[in-house]
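A.B. asks: Submitted below is the structure of interest, expressed as structure tokens.
The values are calculated or read from the model by the stated rules, or taken from the named source; none is laboratory data. Note that the structure is predicted; figures quoted are calculated from it, not measured. As a convention, Cβ positions derive from the backbone with ideal geometry for all residues, glycine included, and neighbour counts pool all protein chains shown. In case anyone asks, the SASA skips ligands and DNA or RNA and just uses the protein heavy atoms, side chains included. Shrake-Rupley method; radii C 1.70, N 1.55, O 1.52, S 1.80 Å.
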Amino acid sequence: MKPMQTRSRSSILSTCFYGCWFLLTAVLADRVIVAGEPSRPNVLLILADDFGYGDAGFNGCVDIPTPHMDSIAAEGVRFTNGYSSHPFCSPMRAGLMTCRYQHRFGYVTNIAFDPHNHRMGLPTSQRTIAARLKQVGYRTGIVGKWHLGAASEFHPLNRGFDFFYGFLGGGHDYFTVDTTARLHENYKAALDDNGSPAGLDGYLTERLTDRAIDFIQQSEEQPYFLFVSYNAPHTPMQAPESKIAQFSLIADKKRRTYAAMVSSMDDQVGRLLSEVERRGERESTIIFFLSDNGGPESANASDNGPLRGQKGDLYEGGIRVPFAIRYCGQVPAGQTIDHPVISLDVSRTALAVAGASDDSVLDGVNLLPWMKGTVDTPPHEALYWKKAPGAEYAVRRGDWKRIVTAEGPQTFNLSTNISETASDALDSGNETEFETSYLQWDEDNLPSFFPSFRDYHRELEAYHREVELKAQQR
């Protein structure tokens, strides 16, 4: 009997060994571990708001020092032709959060702040990158601006995020909370601290960073995805007086305040980078930095450099943005890539490094092969933009861009005409290629499913006037 018992124990041990081995193999496969790369890098996505292309030091700015933003480019890759997927706030964020052209699901206008509106928000049918990263073991957080719906079903905590501190609307006062403000004056609404209302003590850009660092420090047991969504330097034009005083040599008052807001944001980017260093996670954290759209020069005194147009335009000033990625130890430092890339590529790259789900509905490209120098052909055959309502659109193919507005079609060779001055001649065959390419891309896009921000507020104002008139008549 004893020999049989010995063989039985041996068989059991063997089964346990191989069972554990297969389980470990399955876990490693699920985490998509690649030799020489961190298996689960942290993902830190920093988004500025209404930040001009020419206002980053790494793009040539001289009157506003941005050493910390510049360090991301210097220690990683600067993309000279980096684009937003939309020329203004909310639609761009819808694309960024879903890794899809937002036109695919009809999200093409800015959204109004209304906690009672269950239509205006990022459709719950669209899966966010936070939800995808959470599924593969990431702790997910966002601080700052959401602007993707204020009703409960659109709340970040219901869209794949474990942590949220910030505000649900399109902007906020930098010093004040006033809960007595009317609905559409949400710039002074209470801040949202994980679903609970909160006040504001100090300067908002700094407080957002405080909570971002709290989130990082609480992420000890698992890798994190942190979306730091600053509202700087979006209006209102506000900054600490001590910071404004540092830019006394700038004569224009609005530009002086803008400079202080940008410099304050850069200081906070520095704090985030320092926290990554302190934790010894320099080589296990990929960092993205970009703006949501071009600078609205007339509104906040931003500067889009040599680019024509501003926020809201399909000219370069509305869609080309400061764009840099750092992945120390994995990507050579100090690179410049001139191929056109788009904000959707940020989402796709983040998903790729994390080994998260990647399916055919996603847009964008994983940029790592280009950053590592293993691929040199352009990441995109073409990039597309479309505004609604109306028929304004733009297509970029190689150095050439075709833009169609109410004034008619124009074409520009951006390699020689970055300022999009006089339209460059394009032969009829190439014009047809542009139009065909756009029509194919637009084929499956959906029309807007909610009214524009301005239309909504006109309706809201009319409603309030009617309520007030009826009250007076009583």
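A.B. asks: In region 148-176, which residue that is hydroxyl-bearing (Ser, Thr, Tyr) and in a loop (DSSP other than H, G, I, E, B) is farthest from the chain's Cα centre (by Cα)?
C.D. replies: Once the filter is applied, the top-ranked residue is THR176.
A.B. asks: Then there's this: For region 226-284, which positions are among the acidic types (Asp, Glu) and part of a helix (DSSP H, G or I)?
C.D. replies: Within region 226-284, GLU241, ASP266, ASP267, GLU275, GLU277, GLU283 meet the criteria.
A.B. asks: Another question, then. On the basis of being under 25 Å from ALA299 (Cα atoms), at pLDDT 95 or above, within 22 Å of the chain's Cα centre (by Cα) and not in a loop (DSSP other than H, G, I, E, B), does ASP214 make the cut?
C.D. replies: Against the criterion (under 25 Å from ALA299 (Cα atoms), at pLDDT 95 or above, within 22 Å of the chain's Cα centre (by Cα) and not in a loop (DSSP other than H, G, I, E, B)), ASP214 does not qualify.
A.B. asks: Next question. Among (1) in contact with a helix residue (DSSP H, G or I) (Cβ under 6 Å, 6 or more places away or on another chain); (2) under 27 Å from MET265 (Cα atoms); (3) among the aliphatic types (A, V, I, L, M), which single condition is ALA150 missing?
C.D. replies: Condition not satisfied by ALA150: (1).
A.B. asks: Say whether the condition of being assigned to a strand (DSSP E or B) and either out of contact with any Gly (no Cβ under 7 Å at 6 or more places or on another chain) or among the hydroxyl-bearing types (Ser, Thr, Tyr) (or both) is met by at least one residue in region 184-193.
C.D. replies: Checked against the condition, which is being assigned to a strand (DSSP E or B) and either out of contact with any Gly (no Cβ under 7 Å at 6 or more places or on another chain) or among the hydroxyl-bearing types (Ser, Thr, Tyr) (or both), region 184-193 yields at least one hit.
A.B. asks: Is there any pair linking a residue in region 416-427 that is part of a loop (DSSP other than H, G, I, E, B) to one that is among the charged types (D, E, K, R) and surrounded by fewer than 15 Cβ atoms within 10 Å (Cβ to Cβ), with Cβ under 6 Å and at least six apart or on different chains, and which?
C.D. replies: Taking only residues 6 or more apart or on different chains, not a single pair turns up.
A.B. asks: Looking at THR377, THR411, can you tell me which residue is in a loop (DSSP other than H, G, I, E, B) and not hydrophobic (A, V, I, L, M, F, W, C)?
C.D. replies: Going through THR377, THR411 in turn, the sole match is THR377.
A.B. asks: Kindly list the number of the only condition in (1) crowded, with 22+ Cβ neighbours inside 10 Å; (2) modelled with pLDDT under 95 that fails for GLU220.
C.D. replies: Going through (1) crowded, with 22+ Cβ neighbours inside 10 Å; (2) modelled with pLDDT under 95 one by one, GLU220 breaks only (1).
A.B. asks: Which is farther than 18 Å from GLY195 by Cα, aromatic (Phe, Trp, Tyr) and touching a strand residue (DSSP E or B) at 6+ places or on another chain (Cβ under 6 Å), of TYR138, TYR107?
C.D. replies: Unique residue meeting the criteria: TYR138.
A.B. asks: Continuing with the same structure: Here are some residues: ILE111, ILE72. Which one is among the β-branched types (Val, Ile, Thr) and out of contact with any Lys or Arg (no Cβ under 9 Å at 6 or more places or on another chain)?
C.D. replies: Of the residues listed, the single one that is among the β-branched types (Val, Ile, Thr) and out of contact with any Lys or Arg (no Cβ under 9 Å at 6 or more places or on another chain) is ILE111.
A.B. asks: Condition test on ARG271, is it out of contact with any Gly (no Cβ under 7 Å at 6 or more places or on another chain), within 30 Å of GLU220 (Cβ to Cβ) and free of Cβ contacts under 8 Å to residues at least 40 places away in the same chain?
C.D. replies: no
A.B. asks: Also, quick follow-up: Which residues, counting only those in region 54-68, are part of a helix (DSSP H, G or I), closer than 19 Å to ALA299 by Cβ and open to solvent by 20 Å² or more (accessible area, probe 1.4 Å)?
C.D. replies: Matches in region 54-68: none.
A.B. asks: Another question, then. Tell me yes or no: at least one residue of region 344-354 is under 24 Å from MET97 (Cβ atoms), part of a loop (DSSP other than H, G, I, E, B) and open to solvent by 20 Å² or more (accessible area, probe 1.4 Å).
C.D. replies: no
A.B. asks: For VAL269, only one of the following conditions fails: (1) under 24 Å from LEU45 (Cβ atoms); (2) over 23 Å from the mean Cα position of the chain (by Cα); (3) not acidic (Asp, Glu). What is its number?
C.D. replies: (2)
A.B. asks: For region 115-133, check the following and say yes or no: at least one residue is open to solvent by 10 Å² or more (accessible area, probe 1.4 Å), over 16 Å from the mean Cα position of the chain (by Cα) and within 23 Å of THR235 (Cα to Cα).
C.D. replies: So far as region 115-133 goes, yes, one or more of its residues are open to solvent by 10 Å² or more (accessible area, probe 1.4 Å), over 16 Å from the mean Cα position of the chain (by Cα) and within 23 Å of THR235 (Cα to Cα).
A.B. asks: Another question, then. Which members of region 380-399 meet the condition of being surrounded by 14 or more Cβ atoms within 10 Å (Cβ to Cβ), part of a loop (DSSP other than H, G, I, E, B) and of a type in the set (A, V, I, L, M)?
C.D. replies: ALA382, ALA388
A.B. asks: Hey, among ARG100, ARG132, ARG93, which residue is at negative phi, in a helix (DSSP H, G or I), of a type in the set (D, E, K, R) and touching an Asp or Glu at 6+ places or on another chain (Cβ under 7 Å)?
C.D. replies: After ruling out the rest, the residue left standing is ARG93.
Condition check ((1) free of Cβ contacts under 8 Å to residues at least 60 places away in the same chain; (2) in contact with a strand residue (DSSP E or B) (Cβ under 6 Å, 6 or more places away or on another chain); (3) surrounded by fewer than 19 Cβ atoms within 10 Å (Cβ to Cβ)) across all residues:
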site	(1), (2), (3)
ARG159	no, no, no
ALA181	yes, no, yes
LEU191	yes, yes, no
LEU226	no, yes, no
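A.B. asks: If a residue has to be among the β-branched types (Val, Ile, Thr) and more than 26 Å from ALA94 (Cβ to Cβ) to count, how many in region 354-377 make the cut?
C.D. replies: Total satisfying the criteria: 3.
A.B. asks: Among what's in region 355-376 and is at pLDDT below 95 and either closer than 22 Å to ASP292 by Cα or acidic (Asp, Glu) (or both), pick the residue that is most open to solvent (accessible area, probe 1.4 Å).
C.D. replies: ASP376
A.B. asks: Moving to a separate point now. Scan region 285-312 and report the pairs whose first residue is at positive phi and whose second residue is open to solvent by 10 Å² or more (accessible area, probe 1.4 Å) and among the hydroxyl-bearing types (Ser, Thr, Tyr), with Cβ atoms within less than 8 Å and a gap of 6+ or a chain change.
C.D. replies: These pairs meet every condition: ALA301/THR257; GLY305/TYR53; GLY309/TYR315.
A.B. asks: Would you confirm, using the coordinates I've provided, whether SER71 is in contact with a strand residue (DSSP E or B) (Cβ under 9 Å, 6 or more places away or on another chain) and open to solvent by 10 Å² or more (accessible area, probe 1.4 Å)?
C.D. replies: yes
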